[in-house]
Structure formats: structure tokens, C-alpha cells
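Contents: one structure, followed by commentary.
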């Protein structure tokens, strides 16, 4: 009888364990206490899919974030944080306290939480952090990890301010980009319409500092809807032979990524009628960036006829993922016999070997 009672109690405890709600707190505890890497990974995967809901959850997530700098841990915690209900303003004071912590990791956690909730009491602290003078132009110049963390915290504060205040943050972003050119990434990502005229002006400057800001901003990945909203003005710059090459090329890539079927058709038609070699090159950059099936004939012609062997090889590499395997093999066979560059022919011959077995 005692053995049966013990077994019954054990089974009841096990059942209760499985019936208990899974929370950020319980998953954090599982991650910390488990010695099995698989269990740790599963805990993080689950953590990333559920929101922080209570003050205890927030504290557990904070402790996990600060204690374990590993990328998978921090990404899981931030994913959970991004699932928080924005109406859960009761957690705002906790994130504000974290934001005011002198430790950059703790402050970063508080910053991301405050941004998610848009907690009004935290906005002055975010502004204050964003207005600090950068100690270094970039994190790569910081000699200590603590200095790197402080740099990234200020960068994230500027990013939060751009998302929170929109165009009202632009003047501060421009000012801070003078010391830290990477801030131009934030301008492009969140304030593309307002920032593009500035980026265009910097791309035409003789100042190395301005050119660096232009490179940082123009090479940033921006939302497709922002590209579509400014499609025609961007296309006008791509067409303009007097516009800086950096500006034209980066805008062409963005236009290609965002182009609709109709816009791809229009780009193909305009490309066919262009006489200026440089402008043709810019349109080709846009068309190739689109990876649209309608561009395959242009790429095939490029792979066969472009005078630059590296560009021919690049077109061939892109076609591999776009063409029907049989048609791609036929192209390779033609190129193996006709490409004038010995290195290209060698690579093509090697690529044909597995398919010939």
C-alpha cells in the first residue's frame, strides 16, 4: 500500500507539472536549470513564441538577457518582449527602471520594453540617452567590450526615438550621424522619405564624412512599402546621368527589390531603349535585383555577351536559381563552348560534371 500511495503521489505531481501554465518565468527557469542542450534549445524556442505578461515574467526575462549574452538567448528574450500586449502599461515602470540602470545590457532590455509599450514616462529617458555624445565613431573603434555595449545602447536609443517620434527625431539623427555615420542607417530604415534628399546631397559631397553617411544610409535595407511610396522620385535619380553613381546604384537595387510585375515590365522596356551605357548598367542592376522570371532573357544575354568576365559569371550564378534545370544546363553547354574567358570556361566545365554523371 505505501508503494502504491507513493506511485500515485508521483504521478499526480507529474500531471500537475504538465498541467501548469507555461510562462516566460517557467521557461527561463528551465533554461537555467537544465543540463541538456536540447532542453535548453526547446525552452528558448518556446520562450520566443510567448509574451512577457507579468512583472515576474519581465524580471525573469531581464535576468536571462543580462546573464547570458549568447545570441540565441537574447534573440528569444527580445522576441518574447515584442509579443507583449501594448496595453499592459503596468509593466512600464519596470522597464523604465531597467532603462535607467547604468549597465548597458540592463538598459538595453529596458529600452526595448519601453519602446514596445510606448510607455510615456520612459520617453524623456530615451531622449536623454539618445542625445549623449558618442564616445567613438563606431563600435569597432571601442577598445573595451563595455565601450562597445555603451555605443550600441546609444544607437538603439536613437533607433527607438525614430520609431517613437518619427520625423520629429530627424534633426537629432542628422546631428548624431556626424559623429557616428552608422546612424544614417536609422534615418533610412525609419524615415526614408524625409532622409533621402539628405542622403542624395551627401552622396554628391566631396567630404569623406558625408560620403560615409551616404553609404551607410543608402545601403540600408528599407521597408518595401517605403520604396513603393517613393518609387517615381527614386527612378528619376536612377535615370539622371548627372546624379552620383553611389546614389543611382543603391536606388536601382532598391527599386528592383520592390518592383511589381508592371514595374518590371516597364523597366525591361525602358532598358531596351537606353543608349547611355551607364544608365543601362543601372537599369540592369534594378532588373537583376528583382529576380523576376521576366528578367531571365536579359540575364541570359548578359551571361553570353557582357564584355566583363566577372559580370558574365555573376549573371550565370544568378540564373542557376532562376532557370529550369534543363534549360540552365543547355546554357552552360553553350557557355562552355563560347565564353572567351579561360577561368569562366573552367568553372562552367566543373559545374557541368555532376550533371553529366
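Couple of notes before you dig in:
- Of all residues in the stretch 342-357, those satisfying the criterion of being touching a residue at least 24 places away in the same chain (Cβ under 8 Å) and loosely packed, with under 15 Cβ neighbours inside 10 Å are 343, 355.
- The residue list 107, 168 contains one member that is buried (at least 17 other Cβ atoms within 10 Å of the Cβ) and at pLDDT 95 or above, which is 107.
- Among the residues of the stretch 139-160, the ones that are over 18 Å from the mean Cα position of the chain (by Cα) and touching a residue at least 24 places away in the same chain (Cβ under 8 Å) come to 5 in all.
- Subset of the stretch 316-329 that is over 23 Å from residue 266 (Cβ atoms) and assigned to a helix (DSSP H, G or I) - its residue that is nearest to the chain's Cα centre (by Cα): 317
- Residue 115 under 26 Å from the mean Cα position of the chain (by Cα) and crowded, with 18+ Cβ neighbours inside 10 Å: yes
One line per residue, one yes/no per condition, for (1) assigned to a helix (DSSP H, G or I); (2) out of contact with any strand residue (DSSP E or B) (no Cβ under 9 Å at 6 or more places or on another chain); (3) modelled with pLDDT under 95; (4) over 26 Å from residue 292 (Cβ atoms):
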residue	(1), (2), (3), (4)
311	yes, yes, yes, no
314	yes, yes, yes, no
331	yes, yes, no, no
334	yes, yes, no, no
352	yes, yes, yes, yes
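- The stretch 119-131: number of residues that are under 25 Å from the mean Cα position of the chain (by Cα) and loosely packed, with under 14 Cβ neighbours inside 10 Å: 0
The values are calculated or read from the model by the stated rules, or taken from the named source; none is laboratory data. Every value quoted in this text rests on a predicted model; they were computed, and no experiment measured them. Ideal geometry is used to build each Cβ from the backbone, glycine not excepted, and the neighbour counts take in all protein chains shown.
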